[in-house]
Amino acid sequence: MKYKDYETYVVGIDHGYNNMKTCNFCFPTKIEQRETLPDILTGILQIDGKIYSENGMQVSCIDTFDKTATEDFYNLTLIAIAKELSKKNVSGGIIKLAVGLPLRYFEDQKDSFKKYLMRKPEVTYKYEGKTYHLFLEDCKIFTQGFAAILTSPNINKYIEDDSAAILCDIGGGTVDFIPIEGGNIQFKSCKVSNDACNYLFTLLKEAVAAKTGNALPDRIALNYILKGNRNVKPKNIYEEVMQKELIKYADKIKSLFAEFGYNIDLTPVVYLGGGATIIKNFGDYDESNTEFLTDLSANVKGYEMLYKSIS
């Protein structure tokens with residue numbers, strides 16, 4: 001098939017340090033090269049004579065604050081596109097990417113990240129044994145966190161001329177504090193903390209090991225974060241330790257607002273990202289002045305909305 005025979009698709013992707021997200025999929029930011037093709041092709045990417053498995057090693061955020069430093073995020077992007085096209089029952093298309101970068105790296109990396117993702121205008125590869133043919137026509141980079149606000153049911157009150165809010169995007173590698181006024185980012189007042197979810201999981205595991213002498217599986221920690229609560233009595237010593245640490249973490253995030261000079265008594269707060277659920281379940285907050293966007297694909301949906309609105 002030729003270029004003119006393909007349909008055009010806007011594909012939003014959130015390149016998270018813990019998970020890759022599209023509108024329909026969320027999968028771990030893991031990938032590793034293999035020497036041979038396995039019998040079962042689930043999660044297998046084949047490109048340029050190389051074989052990769054998405055069920056490999058976690059991509060280290062320490063090594064990849066610059067996401068263009070390795071091939072990992074490029075290959076994960078191809079996997080994300082394949083998943084979205086498969087959902088549409090097609091194996092190729094003219095792709096317009098809508099992606100984002102954390103506030104801390106946006107200005108310095110947006111141009112290089114776009115060049116990185118658009119390195120090949122035409123790409124053919126296999127994913128899970130199926131051949132995909134892409135024409136990468138465009139890529140727009142947006143500010144991670146800010147895009148998610150577009151998915152809020154209260155979006156209108158955040159874009160009024162006299163409105164104000166503070167977005168708190170708690171991701172795997174960073175916590176971004178993004179003040180907005182009249183729907184516009186106040187860049188000079190933005191702040192970033194490293195006390196993100198990866199940091200929290202390390203604390204949880206260390207605390208459990210110190211108290212019980214045993215390891216804490218990620219799935220147990222994640223399940224308790226989703227279903228636990230600061231006001232519900234723990235069922236066992238593990239939940240007791242986790243509850244204590246999660247409350248301390250939520251309190252720490254709250255203290256950062258004052259440290260950074262934000263008055264959350266007078267300004268609404270919108271929590272988003274994977275850590276929003278932590279604050280919702282274990283935090284101390286004013287319900288009348290706080291909103292939670294717990295959809296992990298909120299940024300992605302915002303990217304696509306922004307792309308379509310300016311195209």
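Which condition number in (1) closer than 21 Å to Glu291 by Cβ; (2) crowded, with 22+ Cβ neighbours inside 10 Å; (3) at pLDDT 95 or above is the one that Pro179 fails?
(2) is the only condition that Pro179 fails.
Does at least one position in the stretch 187-206 carry a residue that is over 24 Å from Ile225 (Cα atoms), buried (at least 16 other Cβ atoms within 10 Å of the Cβ), in contact with a strand residue (DSSP E or B) (Cβ under 6 Å, 6 or more places away or on another chain) and not acidic (Asp, Glu)?
Scanning the stretch 187-206 turns up at least one residue that is over 24 Å from Ile225 (Cα atoms), buried (at least 16 other Cβ atoms within 10 Å of the Cβ), in contact with a strand residue (DSSP E or B) (Cβ under 6 Å, 6 or more places away or on another chain) and not acidic (Asp, Glu).
Could you check how many residues of the stretch 1-23 are part of a strand (DSSP E or B) and either touching a helix residue (DSSP H, G or I) at 6+ places or on another chain (Cβ under 8 Å) or within 21 Å of Gly93 (Cα to Cα) (or both)?
Residues flagged as part of a strand (DSSP E or B) and either touching a helix residue (DSSP H, G or I) at 6+ places or on another chain (Cβ under 8 Å) or within 21 Å of Gly93 (Cα to Cα) (or both) within the stretch 1-23 amount to 10.
Under 8 Å between Cβ atoms, which residue pairs at least 6 apart in sequence (or on different chains) link something in the stretch 159-178 that is over 17 Å from Glu259 (Cα atoms) with a partner that is basic (Lys, Arg) and not in a strand (DSSP E or B)?
Hits for this filter: Ser163/Lys157.
Pro38: more than 30 Å from Phe187 (Cβ to Cβ) and open to solvent by 50 Å² or more (accessible area, probe 1.4 Å), yes or no?
So Pro38 does not fit the description; no.
Where residues in the stretch 124-154 are of a type in the set (Val, Ile, Thr) and surrounded by fewer than 18 Cβ atoms within 10 Å (Cβ to Cβ), which of them is farthest from Leu78 (Cα to Cα)?
Thr151
Might you let me know whether the stretch 287-309 holds any residue that is over 29 Å from Ala221 (Cβ atoms), free of Cβ contacts under 8 Å to residues at least 24 places away in the same chain and among the aliphatic types (A, V, I, L, M)?
Within the stretch 287-309, none of the residues are over 29 Å from Ala221 (Cβ atoms), free of Cβ contacts under 8 Å to residues at least 24 places away in the same chain and among the aliphatic types (A, V, I, L, M).
Could you tell me which residue of the stretch 4-35 is surrounded by the most Cβ atoms within 10 Å (Cβ to Cβ), considering only residues that are hydrophobic (A, V, I, L, M, F, W, C) and closer than 30 Å to Ser309 by Cα?
Only one residue fits best here, namely Ile13.
With closer than 21 Å to Gln144 by Cα and more than 17 Å from the chain's Cα centre (by Cα) as the only criterion, which of Ile220, Ile253 stands out?
Result of the check over Ile220, Ile253: Ile253.
Looking at the stretch 106-121 only, could you name the residues that are at pLDDT below 95 and among the hydrophobic types (A, V, I, L, M, F, W, C)?
Phe106
The values are calculated or read from the model by the stated rules, or taken from the named source; none is laboratory data. Keep in mind that what you see is a predicted model, and the values were worked out from it rather than measured. So basically every Cβ, Gly included, is an ideal-geometry build from the backbone, and we count neighbours across all protein chains shown. Each accessible area value is taken on the protein alone, full model and side chains, heavy atoms only, with ligands, DNA and RNA left out. Shrake-Rupley method; radii C 1.70, N 1.55, O 1.52, S 1.80 Å.
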